[in-house]
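Notes follow once the structure below has been shown.
None of the figures in this text is laboratory data; all of them are computed from the coordinates on show. Here the structure is a predicted model, which is why all the values come from computation and not from measurement. Using ideal geometry, Cβ is built from the backbone for each residue, glycine included, and neighbour counts are taken over all protein chains shown.
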Amino acid sequence: MCARADLLFKDFRGEEGDLIPLLQRAQATFGFVGPEAVGAIARFLRITENQIYGVASFYAQFRFTAPARHGIKVCLGTACHVKGGAILLDSLERDLGIAPGGKTPDDQFELDRVACLGCCALAPVLTVDEDVYSSMTVNKLKETLKRYD
Amino acid sequence: MTDFERLKEQSIREWTDLTGGTRAVITLGTASCGRAAGAMAVRRSIEEALAKHGVEARILEVGCIGSCYLEPMVDVTLPGGPRFSYGNVQPAWAERIVASHFLEGKPLASKVVGHFGRDAIEGIPGFFDLPMFAPQVRIVLKNCGFIDPENLHHSIANGGYAGLHKALQKPPGDVISEVEAAGLRGRGGAGFPTGRKWRFCSEAEGEMKYVICNADEGDPGAFMNRSLIEGDPHAVLEGMLIAGYAIGASRGYVYIRAEYPLAIERLKKAMAQMRAEGLLGEGILGSPFSFDIGIKEGAGAFVCGEETALIASIEGRRGMPRTRPPFPVQEGLHGRPTVINNVETLGTLPHILRNGAAWYRGFGTEANPGTKTFSLVGKIRRTGLIEVPLGMPLRKIIFDIGGGTLKPFRAVQTGGPSGGCLSEEFLDTPVGYESLAKAGSIMGSGGLIVMDTDTCVVDIARYFLDFIQKESCGKCTPCRVGTRHMVEILERITGGEGELRDLDKLQLLAQTVKKTSLCGLGQTAPNPVLTTLAYFRSEYLQHIQERYCSAVVCRPLLEYFIIPEKCTGCQRCVAACPTGAITGPRAEVHNLDASKCIKCRSCYEICRFEAIAGNAIQIRSGGGL
Ligand SMILES: Cc1cc2nc3c(=O)[nH]c(=O)nc-3n(C[C@H](O)[C@H](O)[C@H](O)COP(=O)(O)O)c2cc1C
Ligand code: FES
C-alpha cells in the first residue's frame, strides 16, 4: 500500500475540498474504500476517520468492501422503468440469490441499480462490467450471464 | 491580425480540408447512445471493408445528432457529394455500403434515412426535412453530430469562441446587459433570468468569485446535458468563460456526475486544447482576462444538483442543502460570490453573444425566449434528444417530432421526479416555465417521458416518489418522513391493498410536504402524486376498488394464463419457467398453476417471440374479480 499511497496523494495539497476527490481516487485505485485508505486519508488531511466515513457514507458512489469479479448494473431510470427494468432486476435477484448492493458468495457477481445510462432509446438497459446490453428481456438475460462464468 | 483571427483562419483551413469536398468522409455517431447501440463494432467492420477494397476515407467520430432511435448511425460523404445518413447500421452492412456507395457511387437507397445536401435528391429526403427534425430549431445542439468534439479547431471553424471574442471587446457590464436583453432563463429547471443572476453576483462584494457549471443532471430519465458535453464540450466551456468575464470571476468548476465517464474525458481533452491555444489560463486571447477551470466529479447523490448542496459537496462535505438567503451569488463556494448555471444555459451563451440578443429573441415567446432541449423517451416511436423553440405545444413535440405512441396516448411527464404527469387535455399546452407550472407540472431540465395505455400512471407516481425518498438527504422531516409515508401508501395501492381513505391521506401528505420542505427536492417531490390524483383519479380508484390495473403493469394485480386454442404444446415455456408452474406433455395444451406463478415474464416473452409458440400465454388484470 505504501508505494501506492504516495500515488494516492499526488497532486493534492491537503485541503478541505480534497476529501471527495481522494475517496474517488482510492476507489478507482483499489476498487473500494478500505480501512487502510481511510486511515491514510485521515492522516493526510488531519481529520478523523469518523469524519471521513460521515462524508463517504452520504454518497452512493462509495463502497467499503472489495468488489466481486463482475458487476451487474440494472438501469432503473424512467425510460427503463416503463419498459420493464424492474422485472429484469427481480429476475437477477432470484437467479443470483442476492439483493441490490449484494454479491454472490463465490464473489462472481454483484448486483446494483443505476439511474439512466443515457441510452433510453434502447431501454431496458443493463451493464455487465463495461459492456452495455440494450433492449433486454428476461430470457436474453439468462444467456448473457453465461458469458461471464 | 489578432490571436483569435489567426486561430480562426487556421481552424477554417483544417475544417475545409476535411469537408470541402476533396475527401471521402465517414461520419460515425459515438456518443453514449451510439456506443450502447454498437457503434464501435460498426466502426471496426467499416475499417475492415475499407481496407479490403482499398478505399480511402477519413473516419470522423461525432456526438449524437439527436435521433437516438436510429443509432448506430453512419454517414457517408464522397468527394464533392452530399452527406448521406444510414440508420440502425449493423456491422454486416459495412461490406455492402462500401461496395455500393464507394465503389459504384450508389448509396444503398433502402438503408439511407436522409441526406444533408442543399439540393433535392430523388427518393431520399433531406435529413432536416424528416418529421423528427423539421419542427426543430437547433441552436445549442447546432454542432452536435457535425464536428469532432475532441477537436478545438472544428469548434472554432463552426463559430466556437467567436462569442467570447466579441464579449472580450466589451465592458463586462455590457455583456450582462446583452444576456439580460436576450431574456435567457436558467435551463436547470427554475428558469431564473440568467442576466439578473449575473448582475447580482457582479455587484456582490468580493475579490474572488466563482462560476460553477451544474452538470449533475439528476433526473433519472434525462440525458440532455450529457449529450451536449459529449457532442460539443467547447460550447459549454466557452459559456463558462463568458460568464466568468461578465461577473469578474477568475475560477470555475464543472460539477459533473461520475457516471458520465465519456463526458468527463471529453471535457478534460477540450480543456487541454484550450490551454494550448491560449483560451484557458492567464491572459485569454491576449486580453487581461484570466480564467481557469477545474473538474469536480459528483459522487452519486441527486440532491447535489441543488445549488447549495452542490457547493457543500465541492467543499468536501455531505451534500446537504441549506436555507437561502444568503444566495450563492452573495455567499457561495468558500463563502464567496458564485454563479451556478446549468450546462445548457452556458452552452446557449456563446450563440447569444455571437448573434445578439435580438436574434435570440426571434425564437420562442416574449416571456420564454429561445429554445430548449428535451430528451424525448418512453413509449414513443422516435426517441432522442431534440431542441425546440419555447412555446411549442406538447402535442407537436409528441406527435410530430416523436411520431406518437404505439398504443393510444395516456400521459406525458415533464420535469422528471419534480414534475407532473399531464393527461390528454393538456396536450395543447405550450412548453414554457409558467404554462407548465400552471398545469401542475414544471419545465424542469428537459426530461419528457411519454406514456401510452401500457403504462400505469399510479405506478409512475410510486416510481418517482420511491426515487425521491431514497435520495432525500434526511435533513428536514417533511421530506424524510413524509415521502416515506407516501411511498408506503402508493405501494399498498399498486399492491392491491389500498383503501379509499388512502387517497385523502395521500393528498394531505403531498400538500404538507410541498409546503414545508426545506429545499426544492422536497417541495417538488409531491408533484407526480398531486397531478396523477387530479388527472387520473379513476386509475387510482380502479386499483383500489376493482384490484384492476388497466395498463397491466402492477404485478400483484396481474394474472398469467394460457389460451388453450393457441397453445401449440411446444414446451418452451415449461423449460423457461423457474418455478415449475407450467406443465404439460409435448404437443398437448399446457397448464399454468397460478399458485406457483411468480409473474416473472419468462414464459410470456418466449411464447410471443419463438416462432413455434402460438402467443398463447397472456397477462390480464382484474380477471378473476
Ligand atoms: C433537488 C434539486 C436537484 C437539482 N438538480 C439539478 C441538476 O441536476 N442540474 C441543474 O442544472 N440544476 C439542478 N437543480 C437546480 C439548481 O439548484 C440551480 O437552480 C441551477 O443549476 C441553476 O442554473 P440555471 O439558472 O442555469 O438553471 C436542482 C435543484 C434541486 C432543488
Ligand atoms: S432510463 Fe435507462 S438508459 Fe435512460
Exercise for the section: Please list, in chain and number order, the residues 5+ apart from B:ARG83 or on another chain whose amide H is under 5 Å from its amide H, with Hs placed from the backbone. Expected result: B:PHE116, B:GLY117
Problem - Stretch gain in nm, segment B:ASP428-B:GLU265, where the contour uses 0.36 nm per residue and the Cα spacing is subtracted - result: 54.6 nm
Completion exercise
Percent antiparallel among DSSP beta bridges confined to chain B, rounded to 5, stands at 60
Handout entry: Using alpha carbons only: equivalent-ellipsoid semi-axes of the protein assembly as shown, gyration tensor based, whole Å
Key = 41, 34, 28
Exercise for the section: For A:LYS146, list the aspartates and glutamates whose Cα falls under 13 Å from its own Cα; do not include residues on the same chain fewer than 8 positions away. Expected result: A:ASP95
Problem - Between the stretch B:333-352 and the stretch B:74-124, the alpha-carbon center distance in angstrom - result: 40
Practice task
Rounded to whole Hz and in sequence order, give me ³J(HN,Hα) for the stretch B:287-295 from the Karplus expression 6.51 cos²θ - 1.76 cosθ + 1.60, θ = phi - 60°, writing x for Gly and Pro.
Solution key: 8, x, 7, 10, 7, 10, 10, x, 10
Problem - Total charge dipole magnitude, chain B, about the Cα centre, Cβ charges on Lys, Arg, Asp, Glu only, Debye to nearest 20 - result: 700
Handout entry: Selected from A:ASP112, A:ASP131, A:ASP11 as most flexible by GNM, with chain A as the system and alpha-carbon contacts under 10 Å
Key = A:ASP11
Practice task
Mind giving me the nanometre distance, one decimal, between the label points for B:GLN511 and A:LEU7, set 7 Å out from Cα along Cα→Cβ?
Solution key: 6.0
Problem - Check: the stretch B:161-360 dipole with +1 on Lys, Arg Cβ and -1 on Asp, Glu Cβ, in debye - result: 120
Practice task
Please name whichever of B:GLY319, B:ASN355, B:PRO369 sits farthest to the positive end of the charge dipole of the stretch B:317-409, dipole taken about the Cα centre and charges placed at Cβ: Lys and Arg +1, Asp and Glu -1.
Solution key: B:GLY319
Handout entry: Antiparallel bridges, percent of DSSP beta bridges restricted to the stretch B:161-360 (to nearest 5)
Key = 10
Problem - GluC sites (Glu not before Pro) restricted to the stretch B:516-586 and DSSP loop, no more than 14 other C-beta within 10 Å - result: B:GLU546, B:GLU565
Completion exercise
Counting only DSSP loop positions in the stretch B:482-566, the trypsin sites (Lys or Arg not before Pro) whose Cβ has at most 14 other Cβ atoms within 10 Å are B:LYS566
Practice task
Give me the distance in nm between label points sitting 7 Å out from Cα along the Cα-to-Cβ direction at B:GLU5 and B:GLU610, one decimal.
Solution key: 7.4
Exercise for the section: Calculate the dipole size of the protein assembly as shown relative to its Cα centre from +1 charges on Lys and Arg beta carbons and -1 charges on Asp and Glu beta carbons; express the result in debye to the nearest 20. Expected result: 620
Problem - aspartates and glutamates with Cα under 19 Å of B:LYS566, excluding same-chain neighbours fewer than 8 positions away - result: B:GLU588, B:ASP593, B:GLU605, B:GLU610
Completion exercise
Length gained if B:GLN618 through B:ALA587 is fully extended, taking 0.36 nm per residue and subtracting the Cα-Cα distance, is 9.3 nm
Fill in the blank from the handout: Projected onto the charge dipole of the protein assembly as shown (unit charges on the beta-carbon of Lys, Arg, Asp and Glu, signs +1, +1, -1, -1), the Cα from B:LEU427, B:PHE133, B:GLN545 with the largest positive-side position is that of B:GLN545
Completion exercise
Per DSSP, the loop-located trypsin sites (Lys or Arg not before Pro) within the stretch A:55-149 having at most 12 other beta carbons within 10 Å are A:ARG147
Handout entry: Axial C-alpha extent at least 20 Å, average Kyte-Doolittle at least 0.5 - helices from chain B (DSSP)
Key = B:233-247
Problem - Antiparallel bridge percentage (DSSP; both residues within the protein assembly as shown; nearest 5) - result: 55
Practice task
Kindly identify chain B as rounded, prolate or oblate by the Cα gyration tensor criterion: order the square roots of the eigenvalues as a ≥ b ≥ c, call it rounded if a/c is under 1.5, otherwise compare a/b with b/c, prolate if a/b is larger, else oblate.
Solution key: oblate
Exercise for the section: Go through B:GLY496, B:GLN511, B:ALA534 and say which Cα lies farthest out towards the positive end of the charge dipole of the stretch B:457-545; charges sit on Cβ, +1 for Lys and Arg, -1 for Asp and Glu. Expected result: B:GLN511
Handout entry: Mean separation of Cα contacts under 8 Å (6+ apart) over length of the stretch B:90-183, as relative contact order %
Key = 10
Handout entry: 222 nm mean residue ellipticity, helices alone, for the protein assembly as shown (DSSP H n ≥ 4; -39,500 (n - 2.57); rounded to 500)
Key = -11000 deg cm²/dmol
